[in-house]
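Undergrad: Let me give you the structure first, and then I'll get to my questions.
The values are calculated or read from the model by the stated rules, or taken from the named source; none is laboratory data. Computed from a predicted structure; not experimentally measured. Positions of Cβ are generated from backbone atoms using ideal geometry, with glycine treated the same way; all protein chains shown enter the neighbour counts. We work out accessible area using only protein heavy atoms, side chains counted, and drop any ligands, DNA or RNA first. Shrake-Rupley method; radii C 1.70, N 1.55, O 1.52, S 1.80 Å.
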Amino acid sequence: MAMLPKQVRLVEVGPRDGLQNEKMELPTQVKLELIERLAAAGLPAVEATAFVSPKWIPQMADHTEVLEGIRRKPGVSYPVLTPNLKGFQAALAAGAQEVAIFGAASESFSRKNINCSIEESLERFRPVAEAANAAKVKVRGYISCVLGCPYEGDVPLRKVAEVAGALFEMGCYEVSLGDTIGVGTPGRTQRMIEAVAKRVPLERLAGHYHDTYGQALANIYASMELGVASFDSSVAGLGGCPYAKGASGNVATEDVVYMLHGLGIRTGVDLDKVVQTGQWISAILGREPVSKAGKALAAKRAL
């Protein structure tokens, strides 16, 4: 059996990646409480918001108020998405200590999602990475569509490796590999990681797997078998898949923590607190949490 990591770092993406797909606009106060509850549950990184035009993502219009309003917990990072220099400067002014840039491995997705080619997107990120390095702000890179694209289908592994290599060379301390439409399976996930690892060291890679086809936990396990020890997840599975109507999107933090703890892997996360937070935010959004472990544990507690 492959050696699994003894410890895994989880990056909670619910307050940004999760909420940005939600139709219901939440008050700033609720977002702040969500971020603070997740940090209190022991998550080492909680993605707070996105410094993007409110015209594109209305849910993130209060990004400055959110980032300035967080009661920061020592040792927790609160990364924010900054797609361009203007966004980075606004984030820096609001006190950002870590930012994220977001590229795609698929040409069509890049054009439809950020209105430019992959090459142009990388050119756009370079000044952000340079400014961040100069300001001693950490930069994390995301790549979407690493295992498939809603417009192109399969994405060549060399393309994923190229984009990952470019982000790493720009100074990203970690590159998060996103299966945006959740089509990946464990074997394919491992082949993709092996291709990327030729350009970026394994300890600098993270997995961001959507659960659209129910494969996210299996893909996380497959990634750990190769030595990846950092993963993105979203409380209560917030953030459906915008490309597949009604499909689940982000893998639920509760399910990931339940699996990792069952494997004896340390996360530093208090599962009960995450379950309670998932129940709370789902009630505010007026729906059931999609986390299977979350539902089972909440039902058990209610007995």
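Undergrad: Do we have any residue at all in the stretch 268-276 that's open to solvent by 10 Å² or more (accessible area, probe 1.4 Å), basic (Lys, Arg) and within 27 Å of Pro156 (Cα to Cα)?
TA: no
Undergrad: Among the numbered criteria (1) free of Cβ contacts under 8 Å to residues at least 60 places away in the same chain; (2) part of a loop (DSSP other than H, G, I, E, B), which one does Leu32 miss?
TA: Evaluating Leu32 over (1) free of Cβ contacts under 8 Å to residues at least 60 places away in the same chain; (2) part of a loop (DSSP other than H, G, I, E, B) leaves (2) as the failure.
Undergrad: So, of the residues in the stretch 13-48 that are open to solvent by 40 Å² or more (accessible area, probe 1.4 Å) and hydrophobic (A, V, I, L, M, F, W, C), which turns out to be nearest to Val76 (Cα to Cα)?
TA: By that ranking, first place goes to Ala40.
Undergrad: Taking the residues in the stretch 49-65 that are open to solvent by 20 Å² or more (accessible area, probe 1.4 Å) and among the hydroxyl-bearing types (Ser, Thr, Tyr) as candidates, determine which candidate is farthest from Asn250 (Cα to Cα).
TA: Thr64
Undergrad: Residues that are free of Cβ contacts under 8 Å to residues at least 40 places away in the same chain, more than 27 Å from Ala61 (Cα to Cα) and touching a Leu at 6+ places or on another chain (Cβ under 6 Å): find the helices (runs of 4 or more DSSP H) completely inside the stretch 90-208 holding 1 or more of those.
TA: Details: elements: 107-114, 118-134, 157-170, 186-196.
The helices (runs of 4 or more DSSP H) meeting that bar are 186-196.
Undergrad: Now a separate question. Considering only the stretch 107-153, state which residues are under 23 Å from Val46 (Cα atoms) and among the hydroxyl-bearing types (Ser, Thr, Tyr). Quick ask: steps written out before the conclusion?
TA: Filtering the stretch 107-153 down to residues under 23 Å from Val46 (Cα atoms) leaves 125, 128-129, 131-133, 135-146.
Once the filter is applied, which keeps residues that are under 23 Å from Val46 (Cα atoms) and among the hydroxyl-bearing types (Ser, Thr, Tyr), the stretch 107-153 yields Tyr142, Ser144.
Undergrad: Of (1) more than 24 Å from Ser282 (Cβ to Cβ); (2) in contact (Cβ under 8 Å) with a residue 12 or more places away in the chain; (3) not charged (D, E, K, R), Pro74 satisfies all except one. Which?
TA: Unmet for Pro74, out of (1) more than 24 Å from Ser282 (Cβ to Cβ); (2) in contact (Cβ under 8 Å) with a residue 12 or more places away in the chain; (3) not charged (D, E, K, R): (2).
Undergrad: Evaluate the following for Arg199: is it within 20 Å of the chain's Cα centre (by Cα) and either open to solvent by 40 Å² or more (accessible area, probe 1.4 Å) or within 21 Å of Val80 (Cβ to Cβ) (or both)?
TA: Details: within 20 Å of the chain's Cα centre (by Cα): no; either open to solvent by 40 Å² or more (accessible area, probe 1.4 Å) or within 21 Å of Val80 (Cβ to Cβ) (or both): yes.
Judged against the criteria, Arg199 is not a match.
Undergrad: Also: Test Leu10 against the criterion of being surrounded by 23 or more Cβ atoms within 10 Å (Cβ to Cβ) and in contact (Cβ under 8 Å) with a residue 60 or more places away in the chain, and give yes or no. Outline the logic, then answer.
TA: On the way: surrounded by 23 or more Cβ atoms within 10 Å (Cβ to Cβ): yes; in contact (Cβ under 8 Å) with a residue 60 or more places away in the chain: yes.
Taking the combined requirement at face value, the residue satisfies it.
Undergrad: Quick check on Ala94: is it open to solvent by less than 40 Å² (accessible area, probe 1.4 Å), closer than 26 Å to Phe168 by Cβ and either at pLDDT 95 or above or of a type in the set (D, E, K, R) (or both)?
TA: Values: open to solvent by less than 40 Å² (accessible area, probe 1.4 Å): yes; closer than 26 Å to Phe168 by Cβ: no; either at pLDDT 95 or above or of a type in the set (D, E, K, R) (or both): yes.
Against the criterion (open to solvent by less than 40 Å² (accessible area, probe 1.4 Å), closer than 26 Å to Phe168 by Cβ and either at pLDDT 95 or above or of a type in the set (D, E, K, R) (or both)), Ala94 does not qualify.
Undergrad: Follow-up question, since we're still on this one. Can you name the residue in the stretch 213-240 that is aliphatic (A, V, I, L, M), open to solvent by less than 10 Å² (accessible area, probe 1.4 Å) and not in a loop (DSSP other than H, G, I, E, B) and, of all such residues, is nearest to Ala39 (Cα to Cα)? I'd like the intermediate steps shown before the answer.
TA: Taking the stretch 213-240 and keeping what is aliphatic (A, V, I, L, M), we get 216-218, 220, 222, 224, 226, 228-229, 235-236, 238.
Now restrict to residues that are open to solvent by less than 10 Å² (accessible area, probe 1.4 Å): 216, 220, 222, 224, 228, 235-236, 238.
Add one more test, that the residue is not in a loop (DSSP other than H, G, I, E, B), and what stays is 216, 220, 222, 224, 235-236.
Numbers: Ala216: 23, Ile220: 22, Ala222: 27, Met224: 24, Val235: 12, Ala236: 15 Å.
Going through the qualifying residues, I end up with Val235.
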